[in-house]
Amino acid sequence: MNDTVKWITRAASAIALIIIVQIVTKGFGQQLITGSLVNLVLAVSTLLFGFGVGAAAAVVSPFIAFLLGINAQIIVVPAIAAGNLTYVLVIALLVKLLEGDGILGDTKVPDYIYHLIAVIVAALCKCGIQYLLIVKWIAPAFLPPKAQPLMAVNFGIIQFFTACIGGVLACLIYPRVSKGLKPERP
(Lines give C-alpha, C1' and ligand atoms only; values in the text may rest on other atoms or scores of the structure.)
Protein backbone atom coordinates (compact mmCIF):
# COMPACT_ATOMS: atom_id res chain seq x y z
CA MET A 1 0.00 0.00 0.00
CA ASN A 2 1.19 3.49 -0.85
CA ASP A 3 2.72 5.34 2.15
CA THR A 4 0.46 8.35 1.63
CA VAL A 5 -2.62 6.14 1.63
CA LYS A 6 -1.42 4.44 4.82
CA TRP A 7 -0.87 7.78 6.52
CA ILE A 8 -4.27 9.14 5.48
CA THR A 9 -5.98 5.93 6.61
CA ARG A 10 -4.23 5.96 9.99
CA ALA A 11 -4.86 9.65 10.61
CA ALA A 12 -8.51 9.31 9.56
CA SER A 13 -8.90 6.31 11.87
CA ALA A 14 -7.46 8.22 14.83
CA ILE A 15 -9.71 11.19 14.09
CA ALA A 16 -12.73 8.89 13.73
CA LEU A 17 -11.96 7.27 17.10
CA ILE A 18 -11.77 10.69 18.72
CA ILE A 19 -15.10 11.69 17.17
CA ILE A 20 -16.70 8.50 18.50
CA VAL A 21 -15.22 9.10 21.97
CA GLN A 22 -16.46 12.69 21.99
CA ILE A 23 -19.97 11.75 20.83
CA VAL A 24 -20.34 8.80 23.20
CA THR A 25 -18.98 10.60 26.27
CA LYS A 26 -20.52 14.03 25.59
CA GLY A 27 -23.58 13.23 27.69
CA PHE A 28 -21.46 12.21 30.67
CA GLY A 29 -20.51 15.82 31.33
CA GLN A 30 -17.14 14.67 32.56
CA GLN A 31 -14.06 16.32 31.14
CA LEU A 32 -12.01 13.70 32.97
CA ILE A 33 -13.53 10.84 30.96
CA THR A 34 -13.64 12.50 27.55
CA GLY A 35 -10.23 14.14 27.91
CA SER A 36 -8.58 10.95 29.13
CA LEU A 37 -9.96 8.93 26.23
CA VAL A 38 -9.00 11.58 23.66
CA ASN A 39 -5.47 11.64 25.09
CA LEU A 40 -5.43 7.84 24.96
CA VAL A 41 -6.15 7.93 21.22
CA LEU A 42 -3.57 10.68 20.67
CA ALA A 43 -0.86 8.80 22.58
CA VAL A 44 -1.56 5.38 21.03
CA SER A 45 -1.62 6.81 17.50
CA THR A 46 1.67 8.60 18.14
CA LEU A 47 3.32 5.52 19.67
CA LEU A 48 2.13 3.30 16.83
CA PHE A 49 2.47 5.53 13.78
CA GLY A 50 4.59 8.52 14.72
CA PHE A 51 4.22 12.24 15.05
CA GLY A 52 2.41 12.90 11.76
CA VAL A 53 -0.63 10.74 12.54
CA GLY A 54 -0.76 11.93 16.14
CA ALA A 55 -0.42 15.56 15.03
CA ALA A 56 -3.28 15.30 12.54
CA ALA A 57 -5.59 13.94 15.23
CA ALA A 58 -4.29 16.45 17.80
CA VAL A 59 -5.08 19.46 15.66
CA VAL A 60 -8.41 18.28 14.22
CA SER A 61 -9.98 16.93 17.44
CA PRO A 62 -10.56 20.26 19.27
CA PHE A 63 -12.31 21.70 16.23
CA ILE A 64 -14.55 18.63 16.06
CA ALA A 65 -15.25 18.99 19.78
CA PHE A 66 -16.32 22.58 19.14
CA LEU A 67 -18.63 21.48 16.32
CA LEU A 68 -20.12 18.85 18.65
CA GLY A 69 -20.72 21.48 21.33
CA ILE A 70 -18.09 20.13 23.73
CA ASN A 71 -15.84 23.20 23.59
CA ALA A 72 -18.18 26.15 24.03
CA GLN A 73 -15.59 28.88 23.43
CA ILE A 74 -14.18 29.00 19.87
CA ILE A 75 -11.50 31.38 21.11
CA VAL A 76 -9.78 28.56 23.08
CA VAL A 77 -9.94 25.90 20.35
CA PRO A 78 -6.61 26.83 18.69
CA ALA A 79 -4.93 26.82 22.13
CA ILE A 80 -6.34 23.35 22.83
CA ALA A 81 -4.98 22.22 19.46
CA ALA A 82 -1.58 23.67 20.41
CA GLY A 83 -1.64 21.76 23.70
CA ASN A 84 -2.58 18.53 21.94
CA LEU A 85 0.13 19.08 19.35
CA THR A 86 2.66 19.65 22.14
CA TYR A 87 1.51 16.40 23.76
CA VAL A 88 2.10 14.25 20.67
CA LEU A 89 5.33 16.07 19.76
CA VAL A 90 6.87 15.48 23.19
CA ILE A 91 5.80 11.82 23.16
CA ALA A 92 7.26 11.29 19.68
CA LEU A 93 10.52 13.09 20.48
CA LEU A 94 11.12 11.44 23.83
CA VAL A 95 10.32 7.95 22.57
CA LYS A 96 12.70 8.49 19.65
CA LEU A 97 15.42 9.80 21.97
CA LEU A 98 15.03 7.20 24.70
CA GLU A 99 14.37 3.85 23.06
CA GLY A 100 16.06 1.89 20.30
CA ASP A 101 19.07 3.76 18.96
CA GLY A 102 18.29 6.86 21.02
CA ILE A 103 20.49 8.37 23.69
CA LEU A 104 19.46 5.78 26.29
CA GLY A 105 18.45 3.01 23.91
CA ASP A 106 21.38 0.73 24.76
CA THR A 107 20.33 0.27 28.39
CA LYS A 108 18.37 -2.71 29.67
CA VAL A 109 15.37 -0.55 30.58
CA PRO A 110 12.17 -1.87 28.94
CA ASP A 111 10.54 0.36 26.31
CA TYR A 112 7.36 0.73 28.37
CA ILE A 113 9.35 2.67 30.98
CA TYR A 114 10.44 5.09 28.26
CA HIS A 115 6.85 5.35 27.07
CA LEU A 116 5.68 6.16 30.60
CA ILE A 117 8.36 8.83 30.98
CA ALA A 118 7.40 10.28 27.60
CA VAL A 119 3.67 10.51 28.36
CA ILE A 120 4.17 12.02 31.82
CA VAL A 121 6.58 14.68 30.52
CA ALA A 122 4.23 15.28 27.58
CA ALA A 123 1.31 15.70 30.01
CA LEU A 124 3.27 18.34 31.94
CA CYS A 125 4.14 20.17 28.73
CA LYS A 126 0.55 20.03 27.43
CA CYS A 127 -0.79 21.32 30.73
CA GLY A 128 1.79 24.11 30.80
CA ILE A 129 1.09 25.24 27.24
CA GLN A 130 -2.68 25.24 27.69
CA TYR A 131 -2.46 26.97 31.06
CA LEU A 132 -0.26 29.73 29.68
CA LEU A 133 -2.26 30.21 26.49
CA ILE A 134 -5.77 29.91 27.89
CA VAL A 135 -5.63 30.86 31.57
CA LYS A 136 -2.92 33.52 31.44
CA TRP A 137 -3.49 35.01 28.00
CA ILE A 138 -6.84 34.23 26.33
CA ALA A 139 -9.15 34.23 29.37
CA PRO A 140 -8.03 37.60 30.78
CA ALA A 141 -8.04 39.23 27.35
CA PHE A 142 -11.21 37.81 25.81
CA LEU A 143 -13.46 36.19 28.39
CA PRO A 144 -15.62 37.73 31.12
CA PRO A 145 -14.10 37.70 34.62
CA LYS A 146 -16.68 35.19 35.90
CA ALA A 147 -15.52 32.61 33.28
CA GLN A 148 -11.84 32.86 34.24
CA PRO A 149 -11.86 30.68 37.40
CA LEU A 150 -13.54 27.86 35.46
CA MET A 151 -10.92 28.15 32.73
CA ALA A 152 -8.17 27.95 35.36
CA VAL A 153 -9.60 24.67 36.63
CA ASN A 154 -10.43 23.15 33.23
CA PHE A 155 -7.12 24.09 31.63
CA GLY A 156 -4.90 23.63 34.63
CA ILE A 157 -4.48 20.50 36.68
CA ILE A 158 -7.38 18.66 35.01
CA GLN A 159 -5.45 18.78 31.73
CA PHE A 160 -2.48 17.19 33.44
CA PHE A 161 -4.62 14.41 34.91
CA THR A 162 -6.45 13.66 31.65
CA ALA A 163 -3.19 13.60 29.69
CA CYS A 164 -1.56 11.32 32.30
CA ILE A 165 -4.53 8.96 32.46
CA GLY A 166 -4.78 8.74 28.68
CA GLY A 167 -1.03 8.34 28.32
CA VAL A 168 -0.72 5.61 30.94
CA LEU A 169 -3.64 3.73 29.38
CA ALA A 170 -1.88 4.08 26.01
CA CYS A 171 1.27 2.57 27.53
CA LEU A 172 -0.78 -0.39 28.73
CA ILE A 173 -2.54 -0.86 25.38
CA TYR A 174 0.40 -0.19 23.06
CA PRO A 175 2.32 -3.48 23.59
CA ARG A 176 -0.77 -5.55 22.80
CA VAL A 177 -1.86 -3.49 19.79
CA SER A 178 1.66 -3.23 18.37
CA LYS A 179 1.94 -7.02 18.24
CA GLY A 180 -0.84 -7.04 15.66
CA LEU A 181 0.57 -4.09 13.77
CA LYS A 182 4.02 -3.18 12.66
CA PRO A 183 4.56 0.23 14.24
CA GLU A 184 6.05 2.80 11.91
CA ARG A 185 7.47 5.95 13.39
CA PRO A 186 8.95 8.06 10.61
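Only one of the numbered conditions (1) surrounded by fewer than 16 Cβ atoms within 10 Å (Cβ to Cβ); (2) without any contact (Cβ under 8 Å) to a residue 12 or more places away in the chain is violated by N71, and that is (1). Under the condition of being closer than 19 Å to C171 by Cβ and touching a residue at least 24 places away in the same chain (Cβ under 8 Å), the residues counted in region 11-42 number 12. Within region 110-127, can you find the residues that are more than 21 Å from Q30 (Cβ to Cβ) and in contact (Cβ under 8 Å) with a residue 12 or more places away in the chain? Matches in region 110-127: D111, Y112, Y114, H115, L116, I117, A118, I120, V121, A122, L124, C125. Checking each residue in region 50-70 for being over 17 Å from Q130 (Cβ atoms) and more than 14 Å from the chain's Cα centre (by Cα) picks out I64, L67, L68, G69.
The residues on offer are F66, F28, F49, and the sole one that is among the aromatic types (F, W, Y), in contact with a Pro (Cβ under 8 Å, 6 or more places away or on another chain) and either over 30 Å from K136 (Cβ atoms) or modelled with pLDDT under 95 (or both) is F49. The numbered conditions (1) at pLDDT 85 or above; (2) exposed (fewer than 15 other Cβ atoms within 10 Å of the Cβ) are all true for A123 except (2). Residues in region 129-151 that are surrounded by 16 or more Cβ atoms within 10 Å (Cβ to Cβ) and either in contact (Cβ under 8 Å) with a residue 60 or more places away in the chain or aliphatic (A, V, I, L, M) (or both): I129, L133, I134, V135, I138, A139, L143, M151.
The values are calculated or read from the model by the stated rules, or taken from the named source; none is laboratory data. The structure displayed is predicted, hence computed values, not measured ones. Here Cβ is always computed from backbone atoms with ideal geometry, including for glycine, and neighbour counts include all displayed protein chains.
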